[in-house]
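> Right, I'll just put the structure down here and ask away after.
The values are calculated or read from the model by the stated rules, or taken from the named source; none is laboratory data. Small disclaimer: the values here were computed from a predicted structure and weren't measured. Cβ placement follows ideal geometry from the backbone for every residue including glycine, while neighbour counts extend to all protein chains displayed. We work out accessible area using only protein heavy atoms, side chains counted, and drop any ligands, DNA or RNA first. Shrake-Rupley method; radii C 1.70, N 1.55, O 1.52, S 1.80 Å.
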Amino acid sequence: MALPAQYFQKLVESCPDIIISVDKQGTITFYNDGARQNLGFSYEEVLGKNVLEIYPSVEEARRVMQAMRSQNGEGKGRVRNFETVFKTKKGEKIPVSISASITYDDQGNEIGSIGFAKDIRAIRRRDQLVTLGEIAIGLSHEINNSLEVLVNQTEMLRKFVTRVASDEDFIAESDRLDSVASQVNKIQDITGRIGRMAEEGEYGTKEYLNGKMMTDLRVDDESKPCERPNADERFPLSGLKVLVVDDDANICQSLKDLLEAERCSIETAASGVFAMEWLGRQNFDIVLSDVVMPDMDGYELYQTVKQNTPNLPVVLMTAFNYDKDHIIKRSCLEGLQGVIFKKPVNPAMLKKVVLQQCRPDQAASLPAGAKAN
């Protein structure tokens, strides 16, 4: 049974993909609703206009027409699933796959062409995710092989230290080995998380810097508080939990090494945003923060901490002698005390400030001129 012409007109009009026809001069003669939704141009803005309105350049339009006129697997005058680029009303370039053919009249004269195009951004993204999933699984496999070596070597080092170290050295070196083992376990948890994400195809994201997004690789048990070291009378700072915030990884590591030697428990954050994530998951005794950071400066971090946890001490550090933004001055006026003005940080001064902020009674009991270890 022949279907009425109105049926085909409604079918083409309601198609979610882009359907456009042009005459032999390249003037747009038909533009369906799918084209309007994908490209953003209204009917009035494109009908009667040159097809170049939807191409980013004359060269790209010519490339499509040359493909249609060449001898290819689809026959002269046709293309199938030919990838090109269209331009939206906002100027955004979107990749499309176009199937098109030249139209002729009854005498065989060319009268125009019609094209059916599909936005392939979602398809490309799925392909990219499949590729990234395969890379992630392969990467996790290789990292886990290396971690196995580290686990074995760490255990051998532990046995060696047990055999040759003095009692005092054994305590210090055991702490270091425990720290290494803890980080190895953390990496193993992350690689496991990557594998699960690749298999399940689901993952979360979080903001990194300047609005850029990154995959959230936080493992399930990361929110558990890390174990506090036992208090030791020989180390006035022992047992304190310290959050070090600096966008310089070397600074974070050096302060971590320094304070772990004092029997503190340390977490590091590469930015003020990451610092707030840590503070949302764990309780700390003090925050040591850089002043100048890209996403949230030390003053903003201090203000946020003060609002959320007023009793948590915050100490700011800066490598700049000139406080051009008056961050330190403003912080002090707001009640922040014990600011370390200049890097590199004097270790004795740092330990004294931390003790004064966290254990003022112990700091007051020290003899005049005495320093923390």
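> Can you find even one residue in segment 145-159 that is in contact with a Gly (Cβ under 9 Å, 6 or more places away or on another chain) and basic (K, R)?
no
> Which one of these is closer than 22 Å to S265 by Cβ and in a helix (DSSP H, G or I): D127, D189?
It is D189.
> When segment 257-272 is examined, which residues are found to be open to solvent by 20 Å² or more (accessible area, probe 1.4 Å) and either touching a Leu at 6+ places or on another chain (Cβ under 8 Å) or of a type in the set (D, E) (or both)?
Hits for segment 257-272 are D257, L258, E260, R263, E267, T268.
> Evaluate segment 122-138: report whether one residue or more is open to solvent by 80 Å² or more (accessible area, probe 1.4 Å), free of Cβ contacts under 8 Å to residues at least 24 places away in the same chain and basic (K, R).
Looking for residues that are open to solvent by 80 Å² or more (accessible area, probe 1.4 Å), free of Cβ contacts under 8 Å to residues at least 24 places away in the same chain and basic (K, R), one finds at least one in segment 122-138, hence yes.
> Among (1) at pLDDT 90 or above; (2) closer than 18 Å to S99 by Cα; (3) under 43 Å from the mean Cα position of the chain (by Cα); (4) surrounded by fewer than 17 Cβ atoms within 10 Å (Cβ to Cβ), where does L39 come up short?
So the condition that L39 fails would be (4).
> Now a separate question. Is there a residue being farther than 30 Å from N50 by Cβ and not small (G, A, S) anywhere in segment 117-126?
Looking for residues that are farther than 30 Å from N50 by Cβ and not small (G, A, S), one finds at least one in segment 117-126, hence yes.
> Another question about this same structure. For segment 59-76, what are the residues that are open to solvent by less than 50 Å² (accessible area, probe 1.4 Å) and more than 27 Å from Y43 (Cβ to Cβ)?
A67, S70, G75 - these are the residues of segment 59-76 that are open to solvent by less than 50 Å² (accessible area, probe 1.4 Å) and more than 27 Å from Y43 (Cβ to Cβ).
> Right, here's the next one. So V305 clears everything in (1) closer than 21 Å to N250 by Cα; (2) open to solvent by less than 20 Å² (accessible area, probe 1.4 Å) except one condition, right? Which one?
Unmet for V305, out of (1) closer than 21 Å to N250 by Cα; (2) open to solvent by less than 20 Å² (accessible area, probe 1.4 Å): (1).
> Does G91 meet the test of being on the phi > 0 side of the Ramachandran plot, exposed (fewer than 15 other Cβ atoms within 10 Å of the Cβ) and under 29 Å from the mean Cα position of the chain (by Cα)?
In short, yes.
> So is E173 assigned to a helix (DSSP H, G or I), among the charged types (D, E, K, R) and open to solvent by 80 Å² or more (accessible area, probe 1.4 Å) or not?
Spelling it out, it is not the case that E173 is assigned to a helix (DSSP H, G or I), among the charged types (D, E, K, R) and open to solvent by 80 Å² or more (accessible area, probe 1.4 Å).
> For segment 13-100, list the helices (runs of 4 or more DSSP H) that sit wholly inside it and hold at least 2 residues that are closer than 15 Å to I114 by Cβ; which are they?
33-39, 58-69
> Considering only residues that are loosely packed, with under 14 Cβ neighbours inside 10 Å and either among the aliphatic types (A, V, I, L, M) or in contact with a helix residue (DSSP H, G or I) (Cβ under 7 Å, 6 or more places away or on another chain) (or both), which ones fall in segment 139-150?
Selection gives V149 alone.
> Under 6 Å by Cβ, and 6 or more places apart or on different chains, what pairs join a residue from segment 302-317 that is among the hydrophobic types (A, V, I, L, M, F, W, C) with one that is surrounded by fewer than 22 Cβ atoms within 10 Å (Cβ to Cβ) and modelled with pLDDT of 90 or more?
V305/L312
> I'm trying to understand the selection: among the residues of segment 275-300, which are within 20 Å of S254 (Cβ to Cβ) and open to solvent by less than 30 Å² (accessible area, probe 1.4 Å)?
A275, W278, F284, I286, V287, L288, S289, D290, V291, M293, G298
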